[in-house]
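A short worksheet on the structure shown next.
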Amino acid sequence: MAVKRLVVNADDFGFTPDVNEGILRSHLEGIVRSTSLMANGPAFEHAVQIAHRHPSLGVGCHLTLVQGESLASPGAQLPRSASRLLASPPTLREALREFQAQIEALLNHGIQPSHLDTHQHVHLLPVVLEAVATLADRFRVPWIRKPFDTPLGVSPVLRAGLALAIRPWRIPFEERLRRVHCRTSDYFAGFVGTGAMDSRWLVALLAGLPGGIGELMCHPGICGPELRRAETRLKQSREIEMHALCSDEVRRAVAEHGIELLSYRDLAADAEASAPARVRAGSDPLDQMP
């Protein structure tokens with residue numbers, strides 16, 4: 001039987017205190033093992049406190065070019081939506097400056113990120129992926145999210161067709177990561193379930209997982225006053241996800257299907273042990289640009 005290893009990663013750590021508490025509960029009582037921290041999130045300091053109190057929760061960096069205040073240019077606001085970002089995409093230098101400031105914010109608070117991903121998956125843009133890969137190499141972050149959702153639960157013919165359709169984007173994406181010795185999961189799930197992830201959906205997903213290393217993205221939270229006031233479409237759905245991630249049915253499905261739950265930090269430790277030696281002079285990638 002193929003080994004099934006799954007990172008259940010909660011996005012938006014640092015967004016609001018009630019989102020932070022929902023992520024923590026999904027870790028302590030449910031199947032979440034990893035989370036991605038927004039350095040520019042309004043509840044960043046609260047999230048950092050939780051991370052230090054609960055070291056079993058792996059923490060990566062949820063790099064943000066959409067929503068909230070810039071860390072590289074304090075007082076400036078990032079584009080409010082992905083569509084606005086696409087209308088005026090950043091230069092490589094701009095993406096590097098912002099992402100470097102966000103990663104350094106985690107490091108300055110005693111958190112070495114185990115992985116990198118981006119808010120609203122903006123590293124599907126080649127210039128943003130270049131910035132993410134460059135900084136992953138510089139800061140020795142061995143895992144980067146591959147945000148190509150695997151259509152689990154559909155027929156093999158349809159799955160093969162969808163895989164062929166995204167091949168022109170997936171192959172260059174994976175090749176860029178290989179050049180900096182970064183790794184990514186064998187498959188990714190959760191994008192199509194965002195906002196509709198209940199216990200029945202999760203049980204069905206877990207029953208169909210293939211072998212290898214996968215990532216399941218989720219957005220748990222408590223729908224408290226801070227979240228209700230926040231600019232996001234995901235409000236009550238976060239609490240539904242939290243209860244699903246903590247449910248008896250879901251935890252039984254994990255056991256029944258022989259799924260090993262782990263964090264990106266666990267995987268990062270494996271990658272560090274097996275990666276080729278890499279020499280870093282500590283140079284700033286921005287200094288090397290014309």
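The values are calculated or read from the model by the stated rules, or taken from the named source; none is laboratory data. Just so it is clear, the model here is predicted, and its values are computed rather than measured. No Cβ is skipped: glycine too gets one built from the backbone with ideal geometry, and neighbour counts run over all protein chains shown. Calculation scope for accessible area: heavy atoms of the full protein, side chains included, ligands and nucleic acids excluded. Shrake-Rupley method; radii C 1.70, N 1.55, O 1.52, S 1.80 Å.
Details
- From the options 265, 178, residue that is open to solvent by 80 Å² or more (accessible area, probe 1.4 Å), at pLDDT below 90 and of a type in the set (Lys, Arg): 178
- Any chance residue 73 is surrounded by fewer than 14 Cβ atoms within 10 Å (Cβ to Cβ) and in contact with a Lys or Arg (Cβ under 9 Å, 6 or more places away or on another chain): yes
- Within the range 231-268, if we keep just the residues that are in a helix (DSSP H, G or I), touching a strand residue (DSSP E or B) at 6+ places or on another chain (Cβ under 7 Å) and among the hydrophobic types (A, V, I, L, M, F, W, C), the residue that is farthest from residue 27 (Cα to Cα) turns out to be 268.
- One residue from 271, 281, 204, 277 being at pLDDT below 95, open to solvent by 60 Å² or more (accessible area, probe 1.4 Å) and part of a helix (DSSP H, G or I): 204
- Condition check for residue 123: in contact with an Asp or Glu (Cβ under 8 Å, 6 or more places away or on another chain), outside any loop (DSSP other than H, G, I, E, B) and at negative phi: yes
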